[in-house]
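Worksheet for the structure shown next.
The values are calculated or read from the model by the stated rules, or taken from the named source; none is laboratory data. Remember, it's a predicted structure, so these values are computed and weren't measured experimentally. Don't worry about glycine lacking a Cβ; one is built from the backbone with ideal geometry, like all the others, and counts go over all protein chains shown.
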Amino acid sequence: MPKHEKHLYMIVFPINALVASQLEPDKFGEHYTTGSAKHFSGKVIFAELDIHFRNDHFEIDKYLELTTEHPDGSPKKTKFIKSYNVLEHVDLDAIKKLHLCTANGKVLSIDSSEYTAYNEPGLIRIYQEITPLDTLVASTFDQREFGRFITKETLSKGAPKICFTQIEFNIGRFLEQNKNKEIFSIELPNVNPYRFYDCIMELTDKPEKLTKTIGLGSLLRDISYKFLRHGFWFAEGDKLKFFPMPSLNELENQYFYWWKFVR
């Protein structure tokens, strides 16, 4: 009888892949970030899927059968099932937990919530698409509207399913700090402050404009988990699955061992 339970993990950042493993989530995150030279150096976000999930796009049974202990009894760490076009073929109901891994392999596991963030009207929000797109977007849509728009209402800038987060950024302070200045600055890494300013102004001056692309590529490589607001959303049309970040009080008390490693 196998000593190690099998898991299905969907990596959503920095790549989108479906992986079978006999490692528990904390050990999987540690292995993926620090335990193998061929893997990624930096933060990793992955979800555990229901082990019974199946879709004809994936040869899940074949690769689960190959996910067995080594001769010395140690667990099989990773068996890649698919490395392309993954989220689009995953049922959102099959996503059980989301795991946030720091660059040094510490994992925070969060559960989904039926309640999304409070959708205060009239705000411009900064969204970071995570997978399968990785665009940085300014929008007057709230999170539910944004997820629906990207997956159902736009063909040119959308995808059938998407994972995204919201960046914690004070737009009012940015505008005030750069008021009457010739040279703009911005606290977001690798973001052109003039492009950012133009996007905000267009959304402000043209109510009919609902989204503006700030830049291509992901900020997640360079910013801390501390700069993510509310949590993470998986969207498919009107369907939304939300994984809330713990509150600051919870992070400093209940999850301090993970929080102290967040940079």
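Being assigned by TED's automatic domain parsing to the domain that holds H230, closer than 30 Å to H99 by Cα and of a type outside the set (S, T, N, Q) holds for only one residue in L216, L203, and it is L216.
Scanning the stretch 32-56 for residues being modelled with pLDDT under 95 and either assigned by TED's automatic domain parsing to the domain that holds P132 or surrounded by fewer than 19 Cβ atoms within 10 Å (Cβ to Cβ) (or both) gives a total of 9. With a requirement of 1 or more residues that are in contact with a Pro (Cβ under 8 Å, 6 or more places away or on another chain), the strands (runs of 3 or more DSSP E) lying completely within the stretch 34-125 that satisfy it span 44-49, 95-101, 107-111.
Quick one: would you say P75 is crowded, with 16+ Cβ neighbours inside 10 Å and not assigned by TED's automatic domain parsing to the domain that holds P14? No, not satisfied. Is one or more of the residues making up the stretch 217-225 within 18 Å of K43 (Cα to Cα) and either in contact with a Cys (Cβ under 6 Å, 6 or more places away or on another chain) or of a type in the set (D, E) (or both)? Yes, because at least one residue in the stretch 217-225 is within 18 Å of K43 (Cα to Cα) and either in contact with a Cys (Cβ under 6 Å, 6 or more places away or on another chain) or of a type in the set (D, E) (or both). One residue stands out among those in the stretch 216-232 that are small (G, A, S) and under 18 Å from V107 (Cα atoms): the one that is modelled with the lowest pLDDT, which is S224. Beta carbons closer than 8 Å, at least 6 apart along the sequence or on distinct chains, pair a first residue in the stretch 56-73 that is aromatic (F, W, Y) with a second that is not in a loop (DSSP other than H, G, I, E, B) for F58/L18; F58/I81; F58/K82; F58/H89; Y63/A20; Y63/K79; Y63/F80; Y63/I81. Within the stretch 115-127, the set of residues being out of contact with any His (no Cβ under 9 Å at 6 or more places or on another chain) and touching a residue at least 24 places away in the same chain (Cβ under 8 Å) comprises Y115, N119, I124, R125, I126, Y127.
Restricting attention to the stretch 238-262, which residues are over 18 Å from the mean Cα position of the chain (by Cα) and either assigned by TED's automatic domain parsing to the domain that holds R144 or part of a strand (DSSP E or B) (or both)? Answer for the stretch 238-262, where residues must be over 18 Å from the mean Cα position of the chain (by Cα) and either assigned by TED's automatic domain parsing to the domain that holds R144 or part of a strand (DSSP E or B) (or both): just D238.
Which of the residues that make up the stretch 151-167 are more than 24 Å from D222 (Cα to Cα), aliphatic (A, V, I, L, M) and at pLDDT 95 or above? Across the stretch 151-167, the qualifying residue is only A159.
Residues are listed down the side, and each one gets a yes or a no for (1) free of Cβ contacts under 8 Å to residues at least 24 places away in the same chain; (2) under 21 Å from L219 (Cα atoms); (3) not in a loop (DSSP other than H, G, I, E, B):
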residue: F169; (1), (2), (3): no, yes, no
residue: R173; (1), (2), (3): yes, yes, yes
residue: E176; (1), (2), (3): yes, no, yes
residue: V191; (1), (2), (3): no, yes, no
residue: F196; (1), (2), (3): no, yes, yes
residue: E202; (1), (2), (3): yes, no, yes
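Of the conditions (1) in contact with a helix residue (DSSP H, G or I) (Cβ under 6 Å, 6 or more places away or on another chain); (2) without any contact (Cβ under 8 Å) to a residue 40 or more places away in the chain; (3) not hydrophobic (A, V, I, L, M, F, W, C), K79 satisfies every one except a single condition; which number is it? Answer for K79: the failing condition is (2).
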